[in-house]
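Just below is one structure, and these are the notes that go with it.
The values are calculated or read from the model by the stated rules, or taken from the named source; none is laboratory data. Just so we're clear, the structure is a prediction, and the values are computed from it rather than from any experiment. Here the Cβ positions follow ideal geometry from the backbone for every residue, glycine too, while neighbour counts run over all protein chains shown.
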Amino acid sequence: MSETIDKQEALEKFATFINPQRVRVMKAAGLDIIEAERSGAWVWDADGTRYLDCFTSAGSFNVGRRNPRVVAAAHAAIDRLDNGNFLLCSQPKAELAERLAALTPGSLSCTMFGTGGGEANDFAIKLARGSTRRLRIVSTVNGYHGHTGFALSAGGRASFRAPFEPLMPEFVQVPFGDLEALEEVLDERTAAVLLEPIQGEGGIVPAPPGYLRGVRAACDQVGALLILDEIQTGLGRTGRWWACEHEGVEPDVMTTAKSLGGSLVPISATVFTEELREFLIPSPFIHLSTFGGSDLACAVALEVLAVIEQTGLVEHAAAMGERLFAGLDRIAAAHPDVITEVRGRGLMAGIQYSEDSLGPRMSYHLARQGVLAIYSGNQPAVMRLMPSLVIEEDDVDFLLGALERAIADLLAGAGPEERGPSRPRRRPTRATAS
Amino acid sequence: MADWDELTEALADYTVTCNGNERLRKMQRDWSRNLHFVCADNELTFSMDVQRGEIIATPVGHVGVPDIVVTTDSEIFCDMFWGDLNPVQKYLRGEITVQGSQEDVMRLDAISAVIWPDV
C-alpha cells in the first residue's frame, strides 16, 4: 500500500458521519478492521494484521480480492469506456448476456442487468408477475433476497420487514425444505416461488435432497415460475457453476450478483427464458437501471467469468471444499458441546454452534486468530465460512488450525479485556460488598 | 452476591435514567419487549416490561412470555444497571448469556451506548 491509513481517524470519521453504533458493535466484537491491502483470499487491517477472509462480503470475492486478471481488465475498460448510456444498446452488455446464456442451465438465455442482488430479485419478481399476470410470490422462512422493495417483501426475516410495513401484498412464506408446506400454498394464483438452493443468511441450510426437484414439479403443476436466487451460491461457490446443478433442476429465472463484479464493480443479472422475455417485447423499457450492467461493470464481469472458467475455479472449489469439510467434521466431533453440526457444499460452509451467543463470540475469537468470519444474519448460532475460491490447501489448514485455537480460547473463557468507565463508579459503595 | 434490595435500587436508577432520556425514548419508540432476567448465582429472577421504549415495570419473578432472557450473576446485573461495566465485554467472555434475537441484543447495547457513552 502506498497510502497510509490512520485507522483510528477512519473509525472516528465513520462513527461521526455514518453510524457510531456500527463502530461500537464492531469494536466490541474485535472486528473493527479497516481494510487496507487486499489480495487473493487475504485482507490486511490498516494496523498490519492479516486475516484470511472467510466472509468475503457474503460471497462476493469468488475470484479472490483484486484478482490480477480482473484488475487488468478493469484498468483496460477504464481506459476506453465509462458507464455508458443506459438507454442505448451496448456491446459489453450484449457480450456478457451471451456468456451468461451459455453458462446458466437449461433454456435460460435472456438477461436483465442491475447493480445488486436486491435489484436482480426485484426484477425477477416483476417479471414473474408481469408474465403470469398473477400476484402471489411464495418464498421461504429465513430466506434472504435483499433489502429493496419486492425483495424485502420476500425476505424471511421479520425484523428487517417490520419497521417498513405494509410492504407488497400477496407475499407468502413457507418453511424452507418442507415440500408439503409449499404445495399447500401453491395454486393458480401463484406467480412464482423464490428461494435459494442453499439458504445463506438463513444459516447455510442446503435444500434437502429432492426438494428442489419437488419444488420444480409443484410449480409446473400450477403454472407458477421457479426463481432461484443463486447470488451467494452461484459462480462456482458450491463446486458447480450453479448450486441447482447438483440437483439437475432448471429454474425459469435465476439471479446472480456479488462475485459477478469480481470484488471491483457492482453488477447483478436476472437471467430468464426466451418465453418469459415475451413480456418485455412490447415494453422494452419497462425496467430501467442507470448503472445496472454499466459498460465498465460488464467488461469486468466478462473477465470474472473467463477467470472462473479458464483457471478451473469451480473444480478447485469442490476440492478445497472437501478438505475443508473433512477438517470441520473432525473438529466438530472433538467439540460436540460447541459445534452441533457442519453443513453446506463446496466452499459454502456453515458451523452450527450449540447456542446463539457462540456466533458473535466465535467471530471475536476467530478474528484474534487471523480469520475474518461472521455469523449468519438470520441465524446467529451459525458461522458461515465462504472464503474466496482461490483459497489453497495451506489456507484451508490455517483456517482449521485457527478454528481449533479459537475454540480453545472460548472454552478457557477468554474475551476482550474488561475496561470500566473512566468516570467514578455510579453504583453506591455499600452495594458492592457481596 | 447482590440481594434483591440492591437489584431494586439498580433497576430503579436504570429506569429513571432510560425513561428520562428523550433521545433514547425517541430512538426506541417502536421497541416493545418483555425481558426476563435470571441471576445465576442466587437464582433471583425479575422482569422488565418495555412499551414503546418506556420501561413500564420491573417486577420480581418472571411475568409473561419473554422476548429476551438475560442470565448472569447478580453483581454483574447491578454494575450493568448502574452503568459501571460494558455488558458486551461480559457477553463476549460468556459471562452474560442472552436468549433472543440478535437485533434485540444489539438494541440493548445501543441503549447502554446512549445513556452511558463513556462505558
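Some notes on this structure:
- Residue count for segment B:72-102, restricted to those that are among the basic types (Lys, Arg) and either within 7 Å of another protein chain (Cβ to nearest Cβ) or in contact with a Pro (Cβ under 9 Å, 6 or more places away or on another chain) (or both): 1.
- Here the condition is being modelled with pLDDT under 95, within 10 Å of the chain's Cα centre (by Cα), surrounded by fewer than 22 Cβ atoms within 10 Å (Cβ to Cβ) and not aliphatic (A, V, I, L, M); of B:112, B:101, it holds for B:112 alone.
- Search result, residues across segment A:106-140 that are part of a loop (DSSP other than H, G, I, E, B) and either free of Cβ contacts under 8 Å to residues at least 60 places away in the same chain or closer than 23 Å to residue A:262 by Cα (or both): A:115, A:116, A:133, A:135
- Residue in segment A:387-403 that is more than 23 Å from residue A:57 (Cα to Cα) and in a loop (DSSP other than H, G, I, E, B) present: no
- Considering (1) over 25 Å from residue A:35 (Cβ atoms); (2) at pLDDT 95 or above; (3) of a type outside the set (Asp, Glu), the lone condition that residue A:357 does not fulfil carries the number (2).
- Of all residues in segment A:353-374, those that are within 12 Å of another protein chain (Cβ to nearest Cβ) have Cβ atoms under 9 Å from Cβ atoms of residues that are among the polar types (S, T, N, Q) and part of a loop (DSSP other than H, G, I, E, B), 6 or more apart or on another chain, in A:356/A:379; A:356/B:101; A:359/A:376; A:359/A:379; A:367/A:49.
- Check on residue A:161, within 14 Å of chain B (Cβ to nearest Cβ) and more than 23 Å from residue A:254 (Cβ to Cβ): yes
- Selected residue [at pLDDT 95 or above and not assigned by TED's automatic domain parsing to the domain that holds residue A:378] from A:131, A:159: A:131
- Going through (1) hydroxyl-bearing (Ser, Thr, Tyr); (2) over 21 Å from residue A:176 (Cβ atoms); (3) within 14 Å of chain B (Cβ to nearest Cβ) one by one, residue A:388 falls short only on (3).
- Residue, surrounded by the most Cβ atoms within 10 Å (Cβ to Cβ), within segment A:5-32, restricted to residues that are in contact (Cβ under 8 Å) with a residue 12 or more places away in the chain and away from every other protein chain (no Cβ under 14 Å): A:11
- Residue count for segment B:70-116, restricted to those that are out of contact with any Asp or Glu (no Cβ under 7 Å at 6 or more places or on another chain) and farther than 26 Å from residue A:377 by Cα: 8.
- For the residues B:105, B:69, B:119, the requirement of being within 14 Å of another protein chain (Cβ to nearest Cβ), within 20 Å of residue A:31 (Cα to Cα), touching a strand residue (DSSP E or B) at 6+ places or on another chain (Cβ under 8 Å) and not charged (D, E, K, R) singles out B:105.
- Top-ranked residue in segment A:33-68 [being among the acidic types (Asp, Glu) and in contact (Cβ under 8 Å) with a residue 24 or more places away in the chain; ranked as farthest from the other protein chains (Cβ to nearest Cβ)]: A:37
- Test: residue A:161 is free of Cβ contacts under 8 Å to residues at least 24 places away in the same chain and either closer than 30 Å to residue A:296 by Cα or over 25 Å from the mean Cα position of the chain (by Cα) (or both): no
- Among residues of segment A:410-428 that are more than 7 Å from chain B (Cβ to nearest Cβ), those with a beta-carbon under 9 Å from a residue that is among the small types (Gly, Ala, Ser) and in a loop (DSSP other than H, G, I, E, B) at least six positions away or on a different chain give the pairs A:410/B:94.
- Considering (1) within 13 Å of chain A (Cβ to nearest Cβ); (2) more than 24 Å from residue B:102 (Cβ to Cβ); (3) loosely packed, with under 15 Cβ neighbours inside 10 Å, the lone condition that residue B:32 does not fulfil carries the number (2).
- Enumeration of residues in segment B:1-16 that are part of a helix (DSSP H, G or I) and either small (Gly, Ala, Ser) or within 11 Å of chain A (Cβ to nearest Cβ) (or both): B:5, B:6, B:7, B:8, B:9, B:10, B:12, B:13, B:14
- Condition met for residue A:93 (of a type in the set (D, E, K, R), modelled with pLDDT of 95 or more and not in a strand (DSSP E or B)): yes
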